[in-house]
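Worksheet for the structure shown next.
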Amino acid sequence: MGPAISDRGSAASAAPDASRDETSRESNPADPLAGVLSEIRQKSPGGDDTGIVDPLADVLAEIRAESGGASLTEAGAPTLVFGGDRWGRDVLKKTIKGTETSMFVGLVAAFLAAFLATVFGALAGYYGGWIDDFFNWFYSVFTSIPYLLLILAIAAVLNQKGTLTVILILGLTGWTGIFRLVRAEYLKHKVRGYIQAADAIGASHARRMFVHILPNVSHVVLVQLSLHVVLFIKSEVVLSFLGFGVGVDTVSWGSMLNEAQSELILGYWWQLVAATVAMALLVTGFSLFTDALRDALDPKLK
Amino acid sequence: MSGVQSGMLAYVVRRLWQIVPTLVGVVLLVFFLFNWVGGDPAYLLAGKISNPEQIENIRHQLGVDRPYHVQLWIFIQQIATGDFGASWSTNEKVSEIFATRLGPSLTVLVPLLAIDTLLAIAAAMLVAYVRGSLTDRMVMIGCTVGQSVSILVYIIVFQYVLAYQLGWFPVQGWGDSFSENLFKYSLLPIIVGVIVSLAPDTRLYRSFFLDEINQDYVRTARAKGMGEIRVMWVHVLRNASIPIITNVMIQLPGLLAGAFLIERFFSIPGVGREVILAVERSDFPVIKAVTIYVAIATMIINLIADLLYRAVDPRVQLK
């Protein structure tokens, strides 16, 4: 998003650059050499007789020789098990790094969302009254804006990329579903006998909320936490794909898919497959884990 | 009868009145985001080659040099009149953008939602009917695996194989006539959209049907000698329809916001693509307008959903 702003800002000064791209053959007042260059190109269809020598050709050949020729996109190069991408970077390493990014973003954002939801839900459900009304109002405000639209709107105003930004965006918008469930559990539990007993022995409100009730509703939070990890991983991939997610220096499945889109037309399918399979495995694994967690923790299931 | 109707009217009026605080909240949230968190838009607009005088000028034009309560009042006036001014990057009027982009979005999304809902109901009913069988388990495993693949991959692969390699559909584009758009350019986006949403919807609707299929009334209907098709499609479906309506209604506001990814990949000039472009260009007026109006639409759709429950199930009390 940084470049987008400077693009617009420097539109006036960068006008010759833009026009050079569009009008290559016509004589161009902004770029008088464009016509000459295209003439030279037309005269020599091979394209190599322009007299222009790549000054870095020797250096490049040296680098290629050192790396054993693996810098090209070769599916079967022995050093690149999953092949390389268009710039010769190891797809296997990128996939592992992308997994790390997604796991990190998914887990931290889910913990943030679950934490907010638990605190809000506990306060709303336990105290009731105007506190409950306030949090319900807050909830209805957040849920009346479609999820992806809200995320994009926040991405637009924050206007900076980075892992922390993505975590904040997802965590601060994703608490609503968990809040609803936690609040309902607190409503149910606050009138039970053991809370009256806790009151009788002089436990404070905070102690009743977070020491007595929380362990009894924690299964709801844990299952939802695991469910939201998957949701946030998927959202992170979409955000990074669109270019609003992690920074350019971080590898993500989203940015891998973005590169794979143009590589696919050239016939390089392996980066797409690597990112897809890695994501499918992680998401399926987490979904199964969520189901198992629910079976193990939810006392109501038969 | 008139008693019921006036009760209904009173309910609608009360619900519309309840929308007000939520709407105020949405307005405050959007205002907070764009006028406070978003920082000074004058620097975004002026860019690199700016001098203090220019920035001051832009600030005055936008009204951001005035106190916050005045800005908020301007914002509320914009919402009420529907006049959000012009886009910062293309200078097109925001209301104009909305009017011209909504059509393409709906052309893709209405058939998509309809086909997806019908197919998902049919598939879910079938697998719920043969629950526990090999078919059921295979479909469920297929759904789980299908759901784990990113929507991006579906779009990339389908666009590459079906449109680019096989040439069955145009890769992307949009025409001028409605029928051309619907039957030529929208086909592949609709197919991709249906495939992506079919897996989660089938799983969800299957669980709704399973909740109903073991109830006593189903056994009673069978005992009366009713055909299986009638039992499933009339008795079970009607009882399972409330959660299904809820799920469809949740997706409706998304129609107005557009299908972000599909519109972007297939170059469909819809609202979703416009939002992504606006985010890329930090074009605040467009995002603000879309957010506010989609939120209002969401609240109204929620109200319609509650009225529909009542139409489907007379036992539902409107409170």
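Taking amide H atoms as placed 1.01 Å from N in the peptide plane, the amide H of B:Lys93 lies under 5 Å from those of B:Ser87, each 5 or more residues away in sequence or on another chain. In region B:290-307, comparing the full protein assembly with the chain on its own, the residues that lose 50 Å² or more of accessible surface at a 1.4 Å probe are B:Thr291.
Leaving out ligands, DNA and RNA, what percent of the accessible area of region A:175-255 is carbon and sulfur, probe 1.4 Å?
61
Over chain B, Cα pairs under 8 Å with separation of 6+ residues give a relative contact order of 24 percent. Each of the peptides A:211-224, B:227-240, B:143-156 was scored by the mean count of other Cβ atoms within 10 Å over its residues; in descending order, highest first, they stand as B:143-156, A:211-224, B:227-240. Atom-type composition of the exposed protein surface of region B:190-313 places 61 percent of the accessible area on carbon and sulfur (1.4 angstrom probe). Where nothing but the Cβ of Lys and Arg (+1) and of Asp and Glu (-1) is charged, how large is the charge dipole of region A:91-301 around its Cα centre, in debye to the nearest 20? The dipole of region A:91-301 has a size of about 380 debye. Inter-chain Cβ neighbour count for A:156-163, averaged per residue, equals 5 (cutoff 10 Å, partner chain atoms only). Ordering A:His228, A:Leu164, A:Gly202 by the projection of their Cα atoms onto the charge dipole of region A:162-302, which places +1 on the Cβ of Lys and Arg and -1 on the Cβ of Asp and Glu, puts A:Gly202 at the extreme positive end. Accessible surface calculations at 1.4 Å, restricted to protein heavy atoms, place region A:158-302 at 44 Å² per residue. An oblate overall shape is assigned to chain B, the ratio a/c of its alpha-carbon gyration tensor axes (a ≥ b ≥ c) being 1.5 or greater and a/b not exceeding b/c. Think of a 1.4 Å ball rolled over the protein heavy atoms: chain B then has 50 Å² of accessible area per residue. Residues of region B:257-285 whose accessible area (probe 1.4 Å, heavy atoms of protein chains only) drops by at least 10 Å² once all protein chains are present, relative to their chain alone: B:Ala257, B:Phe260, B:Leu261, B:Arg264, B:Phe265, B:Val275, B:Ile276, B:Val279, B:Glu280, B:Arg281, B:Ser282, B:Phe284. A simple packing score, the average count of other Cβ atoms within 10 Å per residue, orders the peptides A:228-236, B:10-18, A:98-106 as A:228-236, A:98-106, B:10-18, with the highest score first. All other residues with a Cβ under 14 Å from the Cβ of A:Lys94 taken together, and with Lys, Arg as +1 and Asp, Glu as -1, what is their net charge? So the surrounding residues net to -2. In region A:262-285, comparing the full protein assembly with the chain on its own, the residues that lose 10 Å² or more of accessible surface at a 1.4 Å probe are A:Leu264, A:Ile265, A:Leu272, A:Thr276, A:Met279, A:Ala280, A:Val283, A:Thr284. For region B:14-23, the Karplus equation 6.51 cos²θ - 1.76 cosθ + 1.60, evaluated at θ = phi - 60°, returns couplings of 5, 5, 4, 5, 6, 5, 3, x, 5, 5 Hz by residue, with Gly and Pro reported as x.
Between A and B, roughly 4000 Å² of accessible area is buried in total, ligands, DNA and RNA not counted and the probe set to 1.4 Å.
Computed from backbone phi, the HN-Hα couplings of region B:224-232 come to 6, x, 6, x, 4, 5, 5, 4, 6 Hz, rounded to whole numbers (Karplus: 6.51 cos²θ - 1.76 cosθ + 1.60, θ = phi - 60°; Gly and Pro given as x).
Once you reduce region B:221-276 and region B:150-200 to the center of their Cα atoms, the two points are 19 Å from each other.
Taking packing as the residue-averaged number of other Cβ atoms within 10 angstrom, the listed peptides A:86-97, A:158-169, B:213-224 run from highest to lowest as A:158-169, A:86-97, B:213-224.
The values are calculated or read from the model by the stated rules, or taken from the named source; none is laboratory data. Since the model is a prediction, treat every value here as computed from it, not as a measurement. Ideal geometry is used to build each Cβ from the backbone, glycine not excepted, and the neighbour counts take in all protein chains shown. Remember, those area values only see protein heavy atoms, side chains included, never the ligands or the DNA or RNA. Shrake-Rupley method; radii C 1.70, N 1.55, O 1.52, S 1.80 Å.
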